[in-house]
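First up is the structure itself, then whatever we jot down about it.
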Amino acid sequence: MTSIVSLNAGSSSIKFSLFALDGSEPLQLLAGGKIEKIGIAPSLRVHTADGATSMERDWPDGASLSHADLLADLFAWAAEHPLEGREVAAIGHRVVHGGVEFSNPRLVDDDLLVRLEALCSLAPLHQPHNLAAIRAIAALRPDLPQVACFDTAFHHDKPEVASRLAIPRALHDQGIRRYGFHGLSYEYIARRLDEVDPALAGGRVIAAHLGNGASLCAMLGGESVDTTMGFTALDGLMMGSRCGSIDPGVVLHLQDEMGMSRVEVTDLLYNKSGLLGVSGISSDMRTLAESEAREAEEALDLFAWRAAREMGALVSSLGGLDGLVFTAGIGENDAAMRKRICDRLGWLGVMLDEGENQANALRIGSPDSPVAVLVIPTNEERMIALHTLTILKGLQ
Ligand code: ADP
């Protein structure tokens, strides 16, 4: 019996899911897990599909353990405890950047790794970790097919006008352009929408991926025509700790007038801004929603204002709006934030059903809302597994 693993290696965590290749339903989820706090005190938690913890391990003195060390440990453990009794047939990876070249998932080989390595400078906080995990597994199990699934790919074919920054064209030709991210999430949402409401899926839809990272995607007939993230995952919406779109003059001012180094500015924009920076309390939406502080309220208000404002921009890219889909941690669970955003979109005809919104139902728009409003849980891991299965079938 065999399985597919999808793996998402970030800077301080490695998340994975195990899907059965031979279950009663296609790609049935068997187990999932996460190695957290890499570089500090790593811990591993594995849970079965019903959420029960099946394995816990802590490395209290593991500050020096690298991603590769921890993956080696995980593989050694998995060899002794085959998860749910299944051999792994292939591993699919989330790779943040596919650049101009890659619009589809690819089987990993040495040549691909060299090409993806060249893209590290476009996503320095993510791409090196994604590739390190692939290399570590290739060293442990050279026989195991690995598949790279790109977060940029879903946006690859968006119109040229939505890809260009208003800078000298030579820089565009060198790859400084708007790529867009969260593509695996949006691809999953497009597929699910086609299942639950095919007519709407064929229309003009904004998908709102609101998690720690947050972005919007304008989808026309299920394909991306515009998105709020651009050259990096820093652009667009206000996020947990990232600033989103910002006047580039601020960056110049911080460096030239306030003497901040490149490293300090990077840390400020990625790690100290967004909900955390504005509230001074937390990057976590739940914590802010529970807070009585005026600063927390200001952060929530700005988050909603920015989301609604960017939605207005994407309506222009779409030439109108038939539906709005919320997803990811905040989008799927936070009825109050969805209401704040939708209240700002009344002029577009967005109307919520209070009860359905509170219940996180699939359809949360009021019956007479001209714009459909839905909540669809995303599942990037399943999308990775689906792509990996397709490539695996091509090898047989
Ligand atoms: P990541 O980008 O790390 O995958 P998630 O999609 O898990 O992020 O989203 C994390 C965000 O979702 C946090 O701000 C968290 O507070 C928020 N969130 C998760 N569950 C809820 C909930 N039940 N109510 C409100 N916010 C929630």
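The values are calculated or read from the model by the stated rules, or taken from the named source; none is laboratory data. What you are looking at is a predicted structure, and each value in this text was computed from that prediction instead of being measured. Note that each Cβ is placed from the backbone with ideal geometry, even for glycine, and that neighbours are counted across all protein chains shown. For accessibility, only protein heavy atoms count, side chains too; no ligands or nucleic acids. Shrake-Rupley method; radii C 1.70, N 1.55, O 1.52, S 1.80 Å.
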- Message: So the check is Cβ under 6 Å with 6+ separation or different chains; which pairs have a first residue in the range 263-289 that's on the phi > 0 side of the Ramachandran plot and a second one that's in a loop (DSSP other than H, G, I, E, B) and within 14 Å of the ligand (Cβ to nearest atom)?
- Response: Gly274/Met238; Gly274/Met239; Gly274/Gly240; Gly274/Ser241; Gly274/Arg242
- Task: Go through the range 147-162 and count every residue that is assigned to a helix (DSSP H, G or I), surrounded by fewer than 24 Cβ atoms within 10 Å (Cβ to Cβ) and touching a residue at least 12 places away in the same chain (Cβ under 8 Å).
- Result: 1
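Here are Met239, Met258: which of them is closer than 20 Å to Glu332 by Cα and either within 17 Å of the chain's Cα centre (by Cα) or assigned to a loop (DSSP other than H, G, I, E, B) (or both)? Let's see the steps before the verdict.
Details: Met258 fails: closer than 20 Å to Glu332 by Cα.
The unique qualifying residue is Met239.
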- Complete set of residues in the range 293-312 that are surrounded by 16 or more Cβ atoms within 10 Å (Cβ to Cβ) and within 21 Å of His209 (Cα to Cα): Ala299, Leu300, Leu302, Phe303, Ala304, Arg306, Ala307, Ala308, Glu310, Met311
- Please tell me if Asp226 is open to solvent by 60 Å² or more (accessible area, probe 1.4 Å), outside any loop (DSSP other than H, G, I, E, B) and either of a type outside the set (Phe, Trp, Tyr) or farther than 24 Å from Lys272 by Cβ (or both). no
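Could you please find all residues in the range 346-374 being among the aliphatic types (A, V, I, L, M) and part of a loop (DSSP other than H, G, I, E, B)? Working first, answer last.
Quick first cut of the range 346-374, residues among the aliphatic types (A, V, I, L, M) only: 348, 350-352, 359, 361-362, 364, 371-374.
Answer for the range 346-374, where residues must be among the aliphatic types (A, V, I, L, M) and part of a loop (DSSP other than H, G, I, E, B): Val350, Met351, Ala359, Ala361, Leu362, Ile364, Val371.
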- For the subset of the range 209-222 comprising residues that are under 16 Å from Gly320 (Cα atoms) and within 16 Å of the ligand (Cβ to nearest atom), which member is surrounded by the fewest Cβ atoms within 10 Å (Cβ to Cβ)? Leu216
- Query: Condition test on Ile91, is it without any contact (Cβ under 8 Å) to a residue 60 or more places away in the chain and of a type outside the set (S, T, N, Q)?
  - Reply: no
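In the range 334-343, is there at least one residue being within 16 Å of the ligand (Cβ to nearest atom) and part of a loop (DSSP other than H, G, I, E, B)? Lay out the reasoning, then the answer.
Keep residues of the range 334-343 that are within 16 Å of the ligand (Cβ to nearest atom), which gives 334-342.
Still in the list and also part of a loop (DSSP other than H, G, I, E, B): 334.
Yes: one or more hits.
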- Note on the structure: If we ask which residues in the range 274-292 are open to solvent by 20 Å² or more (accessible area, probe 1.4 Å), within 14 Å of Gly244 (Cβ to Cβ) and of a type outside the set (A, V, I, L, M), their number turns out to be 2
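Return yes when Asp247 is more than 15 Å from the chain's Cα centre (by Cα) and within 26 Å of Gly98 (Cα to Cα) and no when it is not.
Values: more than 15 Å from the chain's Cα centre (by Cα): yes; within 26 Å of Gly98 (Cα to Cα): no.
No.
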- Note on the structure: Exactly one of Arg191, Arg262, Arg242, Arg169 is away from the ligand (no atom under 16 Å from the Cβ), surrounded by 13 or more Cβ atoms within 10 Å (Cβ to Cβ) and charged (D, E, K, R), and that residue is Arg191
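Inside the range 1-109, counting only strands (runs of 3 or more DSSP E) that do not spill past its ends, which hold 2 or more residues that are open to solvent by less than 40 Å² (accessible area, probe 1.4 Å) and touching a Pro at 6+ places or on another chain (Cβ under 6 Å)? Break it down stepwise before answering.
Working: elements: 2-9, 14-20, 28-36, 43-48, 53-58, 87-95.
Here the list is empty.
Which of the following residues is within 12 Å of the ligand (Cβ to nearest atom), out of contact with any Gly (no Cβ under 6 Å at 6 or more places or on another chain) and without any contact (Cβ under 8 Å) to a residue 60 or more places away in the chain: Pro367, Pro377? Show your work before the answer.
Details: Pro367 fails: within 12 Å of the ligand (Cβ to nearest atom).
Checking each option against the conditions leaves just Pro377.
I need a count of the residues in the range 380-396 that are basic (Lys, Arg) and within 15 Å of the ligand (Cβ to nearest atom).
Quick first cut of the range 380-396, residues basic (Lys, Arg) only: 382, 393.
Now restrict to residues that are within 15 Å of the ligand (Cβ to nearest atom): 382.
Total satisfying the criteria: 1.
Being in contact with a strand residue (DSSP E or B) (Cβ under 9 Å, 6 or more places away or on another chain), within 16 Å of the ligand (Cβ to nearest atom) and either in contact (Cβ under 8 Å) with a residue 40 or more places away in the chain or aliphatic (A, V, I, L, M) (or both) is the requirement here; does Met311 meet it? Before you say what the answer is, go through the steps one by one.
Numbers: in contact with a strand residue (DSSP E or B) (Cβ under 9 Å, 6 or more places away or on another chain): yes; within 16 Å of the ligand (Cβ to nearest atom): no; either in contact (Cβ under 8 Å) with a residue 40 or more places away in the chain or aliphatic (A, V, I, L, M) (or both): yes.
Spelling it out, it is not the case that Met311 is in contact with a strand residue (DSSP E or B) (Cβ under 9 Å, 6 or more places away or on another chain), within 16 Å of the ligand (Cβ to nearest atom) and either in contact (Cβ under 8 Å) with a residue 40 or more places away in the chain or aliphatic (A, V, I, L, M) (or both).
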- Task: Could you tell me whether Gly202 is open to solvent by 10 Å² or more (accessible area, probe 1.4 Å) and either over 22 Å from the mean Cα position of the chain (by Cα) or more than 16 Å from the ligand (Cβ to nearest atom) (or both)?
- Result: yes
